[in-house]
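Rule-based calculations on the coordinates, nothing more; no lab input. These figures come from a predicted structure and were not determined experimentally. All Cβ positions, even for glycine, are placed from backbone atoms using ideal geometry, and neighbour counts span all protein chains on display.
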Amino acid sequence: MKIHGSRGNKEIFLTVDTDSEDTWVERRFLEEVGVEPRFSRTYRTITGTHVQRQVGPVEIEYLEIKMPCPTVFANEGDANVLDAIALEILGLEVDPTTRQLKRVEALAAY
């Protein structure tokens, strides 16, 4: 994946998690390319504790598709994850046989 901000772009590795509701990218990568947080949100972890993280719009690019996606400013040690919503925004899906991302055929609304 490639992330874009006001100061440039950077290629990073994101684990695809189709059960996740938010994309998480390490804060240092987002700050490096000039992404600004817009608000804070509280998340419940798998252990039941609560953590607060900032969220902002990040242009994410893959397979020559670039779209803004809401992204959590992850702390060091948090996972870098591409969520199901970002997959939909980018028009991508996981091919179950190859486990690779591929473009989804767009369906008309009529």
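For trypsin sites (Lys or Arg not before Pro), the sites in segment 1-37 that DSSP calls loop and that have at most 11 other Cβ atoms within 10 Å are Arg7.
Only loop residues by DSSP count here, and only those with at most 10 other Cβ atoms within 10 Å; note down the GluC sites (Glu not before Pro) in segment 66-107 that meet that.
Qualifying residues, ordered by number: Glu76, Glu105.
Which values, in whole Å and largest first, are the semi-axes of the equivalent ellipsoid of the chain obtained as the square root of 5 times each eigenvalue of the Cα gyration tensor?
The answer is 23, 18, 13 Å, longest axis first.
Sequence-ordered 3J(HN,Hα) estimates for segment 18-25 from the Karplus curve with 6.51, -1.76 and 1.60 and θ = phi - 60° stand at 6, 9, 7, 9, 9, 7, 10, 9 Hz, glycine and proline given as x.
Placing a label point 7 Å from the Cα of Ala106 along the Cα-to-Cβ direction, the residues of segment 69-97 whose backbone N falls under 19 Å of that point are 69, 85-94. Its Cα centre serving as origin, the chain has a Cβ charge dipole (Lys and Arg +1, Asp and Glu -1) of approximately 240 debye. With the cut-off at under 13 Å, measuring from each backbone N in segment 1-29 to a point 7 Å along the Cα-to-Cβ line of Asn75 picks out 27.
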